[in-house]
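Take a look at the structure set out below.
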Ligand code: BYC
């Protein structure tokens, strides 16, 4: 909730009341006029903290998100799919670099962000804590997870913080290629043998709940939506984004003759919105707090990568010292 005495990383959220009222009013007027806030501009502490949290989580999601698909590079069917998947995974890691840079403009160092990821202090997207057992799982990610990400990111690219919006513009351009690649791979499975169709159906069955979770908790239990929407960091609520995704992609999934494992899923003619079974939010909480099927493995891979890359970072910082060490 906005205000109410909660704390966020040691800053009382009601410290907004301690901000200079004139500066706060001017800041909010700029946001209302649709101006971008830039790093050197005055901003409330809470705006800075919330942006760091959200952009950092987004960056971590790109890095960790590269892992389940990354394991399919060598096993993707055919040379062209291997090449395309390799390029996609590289893009995702590049997105993380853009996002870490955007978060750094707010004053948190990249080293600290990576430390907070590895120690489990920072969150990253729930969905990448599930295993990609088959090629069809990888196709689900490329098509539908990327589609969900685009719906969210296209909206937020029109938000208030300049560096985040510019990073999102670039990310969305690349994501649209990923989506086409994923769709192409799914069409191939959908028009293939019975076994191939079955593989994709099983992928939908496995990934549907995490996909519903991906857009964040239902609005009525979301913690940060109110303040983030007020300051135009988030341009659409979790339920609205989820609904937009369902609007765009459920018909496409059905058109291909697949089913979705939710008997309640249908478009409500009266409200114009989708009815669905509320996904299990207890499972969501467990997964985002470190107890999903792959959380430990994902963070361990990241920790090892960090350790193995240390000498490169040190060499960049101090080339002379690094040159002597390997020869010694
Ligand atoms: N997963 O108040 P709420 C990609 C947490 S990568 C984990 O509604 P908010 C791709 C939330 O952090 C793109 N945690 O939060 C990459 C909060 O916890 P804390 C991923 C989640 O921020 C490679 C608590 O739940 N996209 O697509 O207002 C290959 C309460 O939630 C999640 C982004 O990162 C979640 N799904 O709204 C392929 C988009 N949802 O911090 C593909 C950027 C919520 O209080 N992020 N939580 O401990 C956002 O747009 C927003 O942060 C969210 C959540 C809509 C996700």
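Key figures for this structure:
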{"item": "Which listed residue, of 81, 53, is closer than 22 Å to residue 127 by Cα and out of contact with any helix residue (DSSP H, G or I) (no Cβ under 6 Å at 6 or more places or on another chain)", "result": "53"}
{"item": "Residues located in region 163-176, provided they are in contact with a helix residue (DSSP H, G or I) (Cβ under 7 Å, 6 or more places away or on another chain), farther than 25 Å from residue 81 by Cβ and touching a residue at least 60 places away in the same chain (Cβ under 8 Å)", "result": "163, 164, 167"}
{"item": "Count - residues of region 36-90 that are near the ligand (Cβ under 10 Å from one of its atoms) and over 23 Å from residue 129 (Cα atoms)", "result": "1"}
{"item": "Members of region 31-46 found to be surrounded by 16 or more Cβ atoms within 10 Å (Cβ to Cβ) and out of contact with any helix residue (DSSP H, G or I) (no Cβ under 8 Å at 6 or more places or on another chain), listed by number", "result": "31"}
{"item": "Cross-chain or 6+ apart pairs with Cβ under 7 Å, region 140-154 first and under 16 Å from residue 130 (Cβ atoms) and touching a residue at least 24 places away in the same chain (Cβ under 8 Å), then within 8 Å of the ligand (Cβ to nearest atom) and outside any helix (DSSP H, G or I)", "result": "148/215"}
{"item": "Which listed residue, of 98, 154, 106, is more than 24 Å from residue 212 (Cβ to Cβ), more than 11 Å from the ligand (Cβ to nearest atom), out of contact with any strand residue (DSSP E or B) (no Cβ under 8 Å at 6 or more places or on another chain) and assigned to a helix (DSSP H, G or I)", "result": "98"}
{"item": "Answer residue from region 209-231, given it is free of Cβ contacts under 8 Å to residues at least 60 places away in the same chain and part of a loop (DSSP other than H, G, I, E, B) and is surrounded by the most Cβ atoms within 10 Å (Cβ to Cβ) among those", "result": "216"}
{"item": "Of residues in region 113-127 being in a helix (DSSP H, G or I) and within 16 Å of the ligand (Cβ to nearest atom), the one surrounded by the fewest Cβ atoms within 10 Å (Cβ to Cβ)", "result": "116"}
{"item": "Candidates 172, 185, filtered to the one that is in a helix (DSSP H, G or I) and either near the ligand (Cβ under 9 Å from one of its atoms) or surrounded by fewer than 22 Cβ atoms within 10 Å (Cβ to Cβ) (or both)", "result": "172"}
{"item": "Matching option when the condition is within 25 Å of residue 114 (Cα to Cα), surrounded by 15 or more Cβ atoms within 10 Å (Cβ to Cβ) and without any contact (Cβ under 8 Å) to a residue 40 or more places away in the chain, among 317, 286, 302, 308", "result": "286"}
{"item": "Conditions (1) part of a helix (DSSP H, G or I); (2) over 30 Å from residue 310 (Cα atoms); number of the one not met by residue 166", "result": "(2)"}
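Every residue, every condition in (1) touching a residue at least 40 places away in the same chain (Cβ under 8 Å); (2) in contact with a helix residue (DSSP H, G or I) (Cβ under 8 Å, 6 or more places away or on another chain); (3) closer than 24 Å to residue 135 by Cα, yes or no:
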| site | (1), (2), (3) |
| --- | --- |
| 161 | yes, yes, no |
| 178 | yes, yes, yes |
| 184 | no, no, yes |
| 195 | no, no, yes |
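Every number in this text was worked out from the coordinates using simple rules, so none of it is lab data. Computed from a predicted model, the values in this text were never measured in an experiment. As a convention, Cβ positions derive from the backbone with ideal geometry for all residues, glycine included, and neighbour counts pool all protein chains shown.
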